[in-house]
Amino acid sequence: MTLKRALLLIGSPKSNGGTSMILAEYLSSRLREIHVEVEIKHVHQAIDAGKEDELFEAIENAEAIILLFPLYVDSLPSGVIRFFELFQERKGKNGGKEKPFYAISNSGFPESIQSTVALEICVLFARDTGFVWNGGAAVGGGAILEGKPLEESGGRAKNLRAGLALLAVSMSLGGGLSKQARDLIGRPLVPKFLYVYFGNKSWRKTAEGNGVGDRMYDKPLAKR
């Protein structure tokens, strides 16, 4: 099977600029380069506006679906969970019509393994609604990508770009997410010690900006 139409579902509550959208924009560019028509839909906005039927119609028109979402408390954002529930309620166990379903998670944790539970939820959704699970991958430390196209993220995103490009080719041929693509997508964007260092620096800057820089190590409950 040669893929002609792909649907990218953005599972982030952010309407634009988030890591999920940055990943989607890069993946959609690679798909369009190999002549795959791409549609992008924002799950949260549709659910909040009561327009879930538009999502269902887009799924009906697509030949493959990929969900891109941020990790929220080891799970999926509430809008995505609600979408899963509505789809199962209204479309039933054959609603996916054996279409390929992929998922890519991103999180603020430096380790991509933190998204394991969330991706397993996606596996169960695909199984229970008649999609064919074609694989999932996770991006760790995705927060450092926000606000900048992936093409402009330099060497730190080299492996991520390569993994997404491999995924695009595999999708276009109707194949699953390869181990090579999954490993490339999941490789750390920067060494863990650097990620932690700059994360702590950002926390201090935020605290100082709110006038509580000297209270970072307060323990108000320790005396109770």
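Set side by side, the residues 37, 98, 57 differ, and just one is surrounded by fewer than 23 Cβ atoms within 10 Å (Cβ to Cβ), among the acidic types (Asp, Glu) and in contact with a Lys or Arg (Cβ under 8 Å, 6 or more places away or on another chain), which is 37. Given the criteria at pLDDT 95 or above, surrounded by fewer than 18 Cβ atoms within 10 Å (Cβ to Cβ), over 17 Å from residue 84 (Cβ atoms) and among the hydroxyl-bearing types (Ser, Thr, Tyr), does residue 15 qualify? It is false that residue 15 is at pLDDT 95 or above, surrounded by fewer than 18 Cβ atoms within 10 Å (Cβ to Cβ), over 17 Å from residue 84 (Cβ atoms) and among the hydroxyl-bearing types (Ser, Thr, Tyr). Residues that are of a type in the set (D, E, K, R) and in contact (Cβ under 8 Å) with a residue 40 or more places away in the chain do not occur anywhere in the stretch 82-96.
Here 140, 176 are screened, and the one residue that is small (Gly, Ala, Ser), crowded, with 23+ Cβ neighbours inside 10 Å and out of contact with any Lys or Arg (no Cβ under 8 Å at 6 or more places or on another chain) is 140. Taken over the stretch 18-34, the criterion of being more than 26 Å from residue 108 (Cβ to Cβ) and surrounded by 14 or more Cβ atoms within 10 Å (Cβ to Cβ) is satisfied by 31, 34. For the stretch 156-173, a tally of residues being without any contact (Cβ under 8 Å) to a residue 60 or more places away in the chain and closer than 13 Å to residue 33 by Cα returns 1. For the criterion of being in the same structural domain as residue 82 (by TED's automatic domain parsing) and under 25 Å from residue 141 (Cβ atoms), residue 35 fails.
The values are calculated or read from the model by the stated rules, or taken from the named source; none is laboratory data. Predicted model, so just to flag it, every value in this text is computed and none were measured. Reconstructed Cβ throughout: ideal geometry from the backbone, glycine too, with neighbour counts over all protein chains shown.
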